[in-house]
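The values are calculated or read from the model by the stated rules, or taken from the named source; none is laboratory data. Small disclaimer: the values here were computed from a predicted structure and weren't measured. Virtual Cβ from ideal backbone geometry, glycine too; neighbours counted across all protein chains shown. Side chains are part of the model used for accessible areas, which takes the heavy atoms of the whole protein and leaves out ligands, DNA and RNA. Shrake-Rupley method; radii C 1.70, N 1.55, O 1.52, S 1.80 Å.
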Amino acid sequence: MAKIPHEIVIPSELRPADGRFGCGPSRVRKSAVDALASVATTWLGTSHRQAPVKKVVGSVRAGLSELFGLPDGWEIVLGNGGSTVFWDIATFGLIDERSAHFVFGEFSSKFAEASAAAPHLGAPLVVESPTGSHPDITATAGYDTYALTHNETSTGVAMQLRRPAGADAGSIVLVDATSAAGGLAWSPSEADVYYFAPQKCFASDGGLWIAACSPAAVERIEGVHASKRWIPASMSLKIALDNSRLDQTYNTPALATLFLLDQQIQWMNAQGGLAWCASRCAASASVLYGWAEARDWATPFVSDPAKRSDVVGTIDLVSAEDGGVSANDVSAALRANGIVDTDSYRKLGRNQLRVGMFPAVPPSDVEALTACIDFVVNQLRN
Ligand SMILES: *Cc1c(COP(=O)(O)O)cnc(C)c1O
């Protein structure tokens, strides 16, 4: 008799040390939370305009510059609202007249929609490819801003960042790196704005946006500001830039989020920087994809191995109708055993598991997860 998913009990020796495999919010290291608890009465609940908090913001900015190896002249800018708000901020403060978007999933499509809806901008160019792949990055005359996505979290597709060859002089490249930043390698020579939020590789909470900005991007921010376009103050990159330079944010940030973010950046740099993080995520990914390829009931969703993400793994399962099992049942059984957030991105509508393999997740836990999935599938089938 096939078992009811939530009644399946996975033997404790198979289980990962930590059961959190979500793609955001994602696993927060316990030692970072312990460090936060240790400053419960001296740091939490204190003014963000005073030295202790400014010091942490300064540490975040310096730590990210180190992690990414940013050249002189690059700046880390931050503010409240997360990556979704940053899309609106970019339509106000970065796109001059018209942007070109490369769309291959839910997140990349949303920025294109934000640009299309902005009444002060011309119609964007949208280059789309089927989910599970990504479009070729090409230049088109007449566009001043290119929007790329380093890792499409809804599908588990990653791209090598490259500036579109032959783009108009003065054009800039914006990269949504929300789930990639800190887990995938990139070169600052291929981007002008590399933006993200702290709830993925940076193992903190959501609600902040962070943008690494090249000198060309800073020039664009100043230029758009000088054009006297109407920009709400909370959406103004110029105001955010001026505040960031003083290690502050325009309005009150969440102090716990900033603290956990700083802990994670310090940990990443101490372990060996971005190269260490990227190789750890690659090791996890090779465990996950290698396991799926060795099962006749599982397949990596992204068919081209070069486009498979090292931070967000998507695995299709053979459906129950075709003699396999329901991925929702697998996720439900895992959840009943404390292994959470392996569900696929709903709108993709596939019989799929999605696994966050950010730097806070050790490859050994991904290995244990695959053993748990084997166990659950076996129980569901028999
Ligand atoms: C999670 C995610 C977002 C949305 O981030 P929020 O901070 O929730 O706005 C945007 N883009 C990508 C690629 C993401 O993974």
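Of the conditions (1) within 16 Å of the ligand (Cβ to nearest atom); (2) at positive phi; (3) out of contact with any Ser or Thr (no Cβ under 9 Å at 6 or more places or on another chain); (4) of a type outside the set (Lys, Arg), residue 45 clears all except one; give me its number.
Unmet condition: (1).
Quick one: which residue in 11, 16, 71 is crowded, with 16+ Cβ neighbours inside 10 Å and touching a residue at least 12 places away in the same chain (Cβ under 8 Å)? Please lay out each step first, then the result.
Values: 11 fails: crowded, with 16+ Cβ neighbours inside 10 Å; 71 fails: crowded, with 16+ Cβ neighbours inside 10 Å.
Unique residue meeting the criteria: 16.
Restricting attention to the range 288-316, report how many residues are under 23 Å from the mean Cα position of the chain (by Cα), assigned to a loop (DSSP other than H, G, I, E, B) and not polar (S, T, N, Q).
5
Going by the conditions given, is residue 79 within 16 Å of the ligand (Cβ to nearest atom), in contact with a strand residue (DSSP E or B) (Cβ under 9 Å, 6 or more places away or on another chain) and in a loop (DSSP other than H, G, I, E, B)? Show your work before the answer.
Values: within 16 Å of the ligand (Cβ to nearest atom): yes; in contact with a strand residue (DSSP E or B) (Cβ under 9 Å, 6 or more places away or on another chain): yes; in a loop (DSSP other than H, G, I, E, B): no.
Judged against the criteria, residue 79 is not a match.
Based on this model, can you work out whether residue 63 counts as away from the ligand (no atom under 16 Å from the Cβ), farther than 22 Å from residue 149 by Cα, open to solvent by less than 50 Å² (accessible area, probe 1.4 Å) and not in a loop (DSSP other than H, G, I, E, B)? It would help to see each step written out before you state the result.
On the way: away from the ligand (no atom under 16 Å from the Cβ): yes; farther than 22 Å from residue 149 by Cα: yes; open to solvent by less than 50 Å² (accessible area, probe 1.4 Å): yes; not in a loop (DSSP other than H, G, I, E, B): yes.
Yes: the conditions hold for residue 63.
Between 309, 331, which is hydroxyl-bearing (Ser, Thr, Tyr), buried (at least 17 other Cβ atoms within 10 Å of the Cβ), closer than 14 Å to residue 351 by Cβ and modelled with pLDDT of 95 or more?
Just one listed residue meets the conditions, 331.
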